[in-house]
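Every read-out reported here was derived from the displayed coordinates using simple, explicitly stated rules and does not represent laboratory data. Just so we're clear, the structure is a prediction, and the values are computed from it rather than from any experiment. Heads up, the Cβs are rebuilt from the backbone with ideal geometry, glycines too, and the neighbour counts pull from every protein chain shown.
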Amino acid sequence: MKNILAFAGSNSSDSINKQLSIYAASLVEGAKATILDLNDFDLPIYSKDLEAEKGIPENATKFLDYIKQSDGIVLSLAENNGAYSAVFKNLFDWLSRAEQKNWLGKPMLLMATSPGARGGQSVLQMAEDRFPRHNANIVGKFSLPSFSDNFSDGKIINNDLNNKLNEEVKQFEKSL
């Protein structure tokens, strides 16, 4: 059985992106999902001075170990002002200092959702450009617009959007 890692680029206690990542991970056949919460990986704000003084924080290396032990990654990014959330950007900064190619070539289902009609497309575009430089193997991409209209009771309720996600999940499964 394959082991996939699922998490959201958010530290919100009721993160809509975490809900989407959990749902998407549940659709992956033949895999066990490890769900991570960024709140469990408290990190100081990255600075080169702090890194020189104290090295890479334990929580960054722990998170990187989860990536290393996984066969694939399901990630749903929160979008704040058109970019990564501060908590995710900080984690990403620390991960890339611990291992520059921090995605390790693992197959990735990259997603985003938001309350609005664009569904986090700006942050998806940013990640699609940036992540391959850190050895991301993005094999599927999905944007869920208008979260509260299209997601309820732990699943996507819009059939067209749910079918689209299932197509992306199938691509992800093939790459595991």
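Evaluated over region 54-176, the count of Lys pairs having alpha-carbon atoms less than 19 Å apart is 17 (only pairs 8 or more residues apart or interchain). Shape analysis of region 1-64 places it in the oblate category; the axes a ≥ b ≥ c from the Cα gyration tensor give an a/c of at least 1.5, with a/b not above b/c. Restricting region 91-175 to GluC sites (Glu not before Pro) that sit in a DSSP loop and have at most 13 other Cβ atoms within 10 Å of their own Cβ leaves nothing. Just to confirm the filter: which trypsin sites (Lys or Arg not before Pro) across region 75-176 are DSSP coil and have at most 13 other Cβ within 10 angstrom of their Cβ? Sparse-neighbourhood loop trypsin sites (Lys or Arg not before Pro): Lys101.
Evaluated with a Cβ-only charge set (Lys, Arg +1; Asp, Glu -1), the chain carries a dipole of roughly 420 debye about its Cα centre, given to the nearest 20. Karplus-based coupling profile of region 118-132, in residue order and whole Hz: 8, x, x, 5, 5, 5, 4, 4, 4, 5, 4, 7, 7, 4, x, with θ = phi - 60° in 6.51 cos²θ - 1.76 cosθ + 1.60 and x standing for Gly or Pro. Rg ratio for region 2-175: its Cα radius of gyration over 2.2 N^0.38 Å, N being its residue count, equals 0.99. Determine the gain in length on full extension of the stretch Ser26-Asn158; use 0.36 nm per residue of separation and subtract their C-alpha separation, reporting nm with one decimal. Stretched out fully, the Ser26 to Asn158 stretch lengthens by 45.8 nm. Model label points for Glu53 and Asp37, set 7 angstrom from Cα along the Cα-to-Cβ axis, are 3.0 nm apart.
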